[in-house]
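Student: I have a structure here, written as structure tokens, and I will follow up with some questions on it.
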Amino acid sequence: MPSQGTKRKRDHGSSDSSIESLLTTDMEIMENAKKIMKSVTDNLNQAFLMHREIISKINQTNKVSRKKATMGIFGKSGDGKSSLLNAVLEKRDFLPSGSYGACTAIITQVEANLTDSNYIAEIEFFSKEEWEKELEDLFNVLSDESEDMDEDLIETAKEKISALYGADAKKKTLEELKKDDKFAEIETILSTTKKTISNTDVYDFTDDVASYIQHSESSPGDWYWPLVKSVTIKIPDCHELLEHVVLVDIPGTGDCNKIRDDLWKSKLRECSFVWIVSAINRAIKDKEPWGILKYCTEELGPGGKCKRINFICTKTDEINPQGYIRSARLRRGPLTRDKKKECILHRNEHAKVDVKERLENSDIKKILNTDNDFQVFTVSSNAFFDQELNLEHSETEIPKLQDDLRILNKNIRRELTRDYVNEAKGVLSLIQSVQLDTETKTAETKASIHTELKKNLLKGRKKLNKRFVNIHNVLEQCLSKGVEKSVQSCVTTTMDTILHNKDGRRFHKILQSMCKNGGIYLKKNRDGDLDLNKELAKNLHECLHDDFNKIFPKSGKTGKSLQEEIDKFSIIQSASAHPRSSLQRHIQKYIRTEENKLKASLNREIVEIKKEIYSSIQNKIEKEMASYYEKAAAVTGIGSMKKRQEMLITSVDMIKHDMFNNAKKEVLKRFNNLKLYINHALKSELKKSMELSLLQTSKITIMDVSKETEQLERLSGQLERLSER
């Protein structure tokens, strides 16, 4: 017979006082919950013959972690993105603004330093091989002396070469440059893929980082941004805003380098929230912010996880009062500071109405599949720091954006706290179920409970598999329709993309660049990007769009979502939901806690995997077309453009059936892999939980955790009251 052991009695008086008082923040509740679990762990560690699995379980509970939410911020250079970030972070001149020659090609990620008081920059470089290839391409562009040369590519090539090697470098040949001392220095920098800069002084830190994220045309040379893929900056003392949130300054203007463009798209797919930034005087008429938004709707929509978009009009303090009074037909009067403020606030209100109306009437809301209203902010970063500009702090609207971040950060912290408290309660239920070995014929009872749970697990997985089959059939029908439309229209689509183009004679170089770049031609301002793969994937995406968004919604219920099916899954069936004994009640509490944690984790993973499923259509088409792009790029001589066009049109027509069917198969294969992964996770993880609940007292010294359970219940109640505020 199992040993009954002895209940370990402890003095709780010393720890009760801190728990009884009303806690006012999620952080206090989390700290107290951890204090309770530490007390339990300390007592368990003192017990002889303590089963290691329970200690391990408590240790896992203490490792609270979650991928941070990403707030993407993008707009074109000179529209005040960096100044906006500096104001939100309350650190003037921290990030270089356009007036100092900020580099618009670098993705800059800003997050909290949660470990010490240092400012830290983690800089990721291109590999030596990647840079050598790009440098060769840049010099090939500069050597082009034809009439139809690509001005965008030439401008980019000159900018990158002179930034690194100095003003004279763009006049040299690649062979001459390789003999330069600067070339050897660059190779040394690229001998490592990452560099870390750390400093406690903010001004010294910004000076140290400047050459990696800043550009100056007036003093070329020793600006290393062309070598940089991305920079992550960690700031101390900003837990309230960024403990669980990452701000990503995403270049609005793209880079002709495909590696950077792929990184640009991958960062967009990570964004849960987006701020579109545009100077207020150009917010409506300027094509660029709207063009950027239109270009990346798939990365933010079905192929991403964006839940909300805010439009931010910047530089509201920059206004000509007399000119505005005339154009807005306002009542004239003496031109005072108050009159200027009146003009600013009047323009702000009209801008909000106009921008919101354009957002609401665009296709963006449908593509993003969100019911959330778009918000428009009118901000002045200068006036936030400079009271002489005569705007109240609140009128700069920077505090509103800070509140937006605080609320987002607080909601994530509260969710993490709730998860921790619930999981801790589940672990204590496990310990209590072991304690009850002294009160009943535990081995037989536990075996019976375990048998029932195994049956329910098998039954639940079969039911879920049926739902997977239904979803698979829906996807297959949508994709089959998309394949049919794609096959019918792909030749026309290809001709429209590569024959009829407004760039005229210059299109010869654009087409050549597109073929060299795997079917994609990237313009710096995103106006007129050419992506044949995206055009060829359009029918498949359109046919898939509505049902895909119902199966994989970003939030809420659709009645058809995979997340809803996961949430319904439980091995605690209704027939056994009313436990017959205390032992069964505690085991069920523990199992239900483990279920909820597993299902929440799976639902987060589904969001990440669905992005890969959606993007696999275009990726597969790009792969199928790759060899034909290479052959077209290799064509030279008189009439080369016409030969490339004919080659691409013929190739698309030749492989269209296989190409689109393979894209369809790729989506279904990835969905099937998702099904297998979810099935395996449910089976293996819940099996572990069930086995842990079978622990016998022969392996454990019993301890009474009823007091700790009561304390956690009180914390749980306080957390709910905080949520209701």
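No lab work stands behind these numbers, since they all come straight from the coordinates. These numbers come from a predicted model, not from an experiment. All Cβ positions, even for glycine, are placed from backbone atoms using ideal geometry, and neighbour counts span all protein chains on display.
Student: Return the sequence-ordered ³J(HN,Hα) values of the range 182-189 in whole Hz as given by the Karplus equation 6.51 cos²θ - 1.76 cosθ + 1.60 applied to θ = phi - 60°, using x for Gly and Pro.
Tutor: 4, 5, 5, 5, 5, 4, 5, 4
Student: Quick one: if you stick a label point 7 Å off each Cα along the C-beta vector at Gln60 and Lys557, how many nm between them?
Tutor: Using points 7 Å along Cα→Cβ, the separation is 2.9 nm.
Student: Measuring from centroid to centroid over Cα atoms, what is the spacing of the range 664-692 and the range 451-522 in Å?
Tutor: With the range 664-692 and the range 451-522 each reduced to a Cα centre, they are spaced 23 Å.
Student: Could you pull out every residue, at least 5 positions away or on a different chain, whose amide H is within less than 5 Å of the one on Ile312? Hs are placed 1.01 Å off N in the peptide plane, and Pro or chain starts have none.
Tutor: Ile276, Val277, Ser278, Phe377
Student: A further question follows. Roughly how many nanometres apart are two label points built 7 Å out from the Cα toward the Cβ at Lys178 and Ser640?
Tutor: Simple spin-label model gives 2.2 nm for this pair.
Student: Aspartates and glutamates within cross-link reach of Lys67: Cα-Cα under 14 Å, excluding same-chain residues under 8 positions apart?
Tutor: Partners within reach: Glu111, Glu243, Glu270, Glu415, Glu605, Glu608.
Student: OK, next. For the range 137-144, in order, what is each residue's ³J(HN,Hα) by Karplus, 6.51 cos²θ - 1.76 cosθ + 1.60 with θ = phi - 60°, in whole Hz (x at glycine and Pro)?
Tutor: 4, 4, 6, 5, 5, 5, 7, 6
Student: If I model a spin label at Met27 and Asn320 as a point 7 Å from the Cα along the Cα→Cβ vector, what separation in nanometres do I get?
Tutor: Simple spin-label model gives 4.9 nm for this pair.
Student: Give me a comma-separated list of calculated 3J(HN,Hα) values for the range 478-493, in order, Karplus coefficients 6.51, -1.76, 1.60 applied at θ = phi - 60°, integers in Hz, x for any Gly or Pro.
Tutor: Per residue, the Karplus-derived 3J(HN,Hα) values read 4, 5, 4, 5, x, 4, 4, 5, 5, 4, 5, 10, 5, 5, 4, 4 Hz.
Student: Efficiency by 1/(1 + (r/R0)^6): what FRET value for Lys455 and Arg358, r their Cβ-Cβ distance, R0 = 56 Å, to the nearest 0.05?
Tutor: Details: r = 57 Å, r/R0 = 1.02.
Here the calculated transfer efficiency is 0.45.
Student: Give the cross-link partners of Lys63 among the lysines, using a straight C-alpha distance below 22 Å as the criterion and excluding same-chain residues fewer than 8 apart.
Tutor: Counting by Cα, and skipping residues close in sequence, Lys63 has these lysines nearby: Lys34, Lys35, Lys38, Lys234, Lys410, Lys425, Lys589, Lys597, Lys599, Lys687, Lys688.
Student: Once fully extended, how much extra length lies between Lys91 and Glu605, figured as 0.36 nm per residue of separation less the alpha-carbon to alpha-carbon distance?
Tutor: Details: separation 514, 0.36 × 514 = 185.04 nm, distance 3.53 nm.
Here the answer is 181.5 nm.
Student: Out of residues 5 or more away from Thr70 or on other chains, whose amide H comes under 5 Å of its own, with H placed 1.01 Å from N in the peptide plane?
Tutor: For Thr70, the qualifying residues are Val246, Ser272, Phe273.
Student: Sum up the charges of everything whose Cβ sits under 14 Å from the Cβ of Gly80, counting Lys and Arg as +1 and Asp and Glu as -1, but leave Gly80 out.
Tutor: Details: positive: Lys76, Lys81, Arg92, Arg282, Lys315; negative: Asp79, Asp93, Asp249, Asp286, Glu288, Asp317, Glu318, Glu397.
So the environment of Gly80 carries a net charge of -3.
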